[in-house]
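Colleague: Have a look at this one.
The values are calculated or read from the model by the stated rules, or taken from the named source; none is laboratory data. Keep in mind that this is a model prediction, so the values were computed, not measured. No Cβ is skipped: glycine too gets one built from the backbone with ideal geometry, and neighbour counts run over all protein chains shown. SASA here: full protein model, heavy atoms, side chains in, ligands and nucleic acids out. Shrake-Rupley method; radii C 1.70, N 1.55, O 1.52, S 1.80 Å.
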Amino acid sequence: MTTNEKALSVKLIISTVFSAVSIYFGELIIPLCVLIITMCLDYLTGMAKAYVNAELSSRLGIKGIVKKVGYIVLIACAACADYITHSMLGNPRFSVAVLVNIWLIINELLSILENLSAMGVPVPKFLTEITEKLRLKTEDQGKNHNI
């Protein structure tokens, strides 16, 4: 097998895996990707803030990573709740998991804005206010969610 054929095979396998995951997770895949990106940005801005403020600590860094893993576990729990309600009650498949995912994304965005502000980056107050309103609206949507 030539190098081009190997590269093509790897691309084919990767695209097949991503297609299968997208089909399985459906509407959850895009918010999950956005969450992963915002978690990475939050971690990086948190580390940058700690560096700028001379508060860098490996223990705090590891604590942040563990917290991010907890987010993924939280979404898995919400997906399980969706699965149960879907199989027992016929509700849409990932409604609770998507709502939890969006809530986590908004919290990550708020944390990123706080980190940037603590580093001295000018953050428009209206951006923080809009993001906070989104968080509150998402919480209201969760409270009014029908099973």
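Colleague: If a residue must be surrounded by fewer than 19 Cβ atoms within 10 Å (Cβ to Cβ), acidic (Asp, Glu) and in contact (Cβ under 8 Å) with a residue 40 or more places away in the chain, how many such residues does region 99-115 contain?
Modeller: 0
Colleague: Condition (residue is modelled with pLDDT under 90 and either aromatic (Phe, Trp, Tyr) or surrounded by 11 or more Cβ atoms within 10 Å (Cβ to Cβ) (or both)) applied to region 116-139: is it met by at least one residue?
Modeller: Yes: region 116-139 contains one or more residues that are modelled with pLDDT under 90 and either aromatic (Phe, Trp, Tyr) or surrounded by 11 or more Cβ atoms within 10 Å (Cβ to Cβ) (or both).
Colleague: Continuing with this model, one more query. Working only within region 128-140, note down all residues that are polar (S, T, N, Q) and under 9 Å from TRP103 (Cβ atoms).
Modeller: The answer is THR138, and nothing else.
Colleague: How about region 116-147: which of its residues are free of Cβ contacts under 8 Å to residues at least 24 places away in the same chain, in a loop (DSSP other than H, G, I, E, B) and either of a type in the set (Val, Ile, Thr) or under 30 Å from ALA48 (Cα atoms) (or both)?
Modeller: VAL121, PRO122, VAL123, PRO124
Colleague: Cβ-Cβ below 9 Å, separation at least six or inter-chain, first residue in region 56-69 and closer than 10 Å to GLY46 by Cβ, second part of a helix (DSSP H, G or I) and aromatic (Phe, Trp, Tyr): which pairs?
Modeller: GLY61/TYR43; GLY64/TYR43
Colleague: Further question on the same structure: Restricting attention to region 48-66, which residues are touching a helix residue (DSSP H, G or I) at 6+ places or on another chain (Cβ under 9 Å) and open to solvent by 80 Å² or more (accessible area, probe 1.4 Å)?
Modeller: Passing the criteria: VAL52, GLU55, LEU56, LEU60, ILE65.
Colleague: Looking at region 79-98, is at least one residue among the acidic types (Asp, Glu) and without any contact (Cβ under 8 Å) to a residue 24 or more places away in the chain?
Modeller: First, pick out the residues of region 79-98 that are among the acidic types (Asp, Glu): 82.
When the remaining residues are screened for being without any contact (Cβ under 8 Å) to a residue 24 or more places away in the chain, the result is 82.
Yes, some residue in region 79-98 is among the acidic types (Asp, Glu) and without any contact (Cβ under 8 Å) to a residue 24 or more places away in the chain.
Colleague: Restricting to region 38-66, and then to whatever is among the β-branched types (Val, Ile, Thr) and more than 13 Å from ASN115 (Cβ to Cβ), can you tell me which residue is farthest from the chain's Cα centre (by Cα)?
Modeller: Checked region 38-66; the qualifying residue farthest from the chain's Cα centre (by Cα) is ILE62.
Colleague: Okay, next question. Of the residues in region 1-33, how many are open to solvent by less than 60 Å² (accessible area, probe 1.4 Å) and either touching a residue at least 12 places away in the same chain (Cβ under 8 Å) or over 22 Å from TYR83 (Cα atoms) (or both)?
Modeller: Counting residues in region 1-33 that are open to solvent by less than 60 Å² (accessible area, probe 1.4 Å) and either touching a residue at least 12 places away in the same chain (Cβ under 8 Å) or over 22 Å from TYR83 (Cα atoms) (or both) gives 7.
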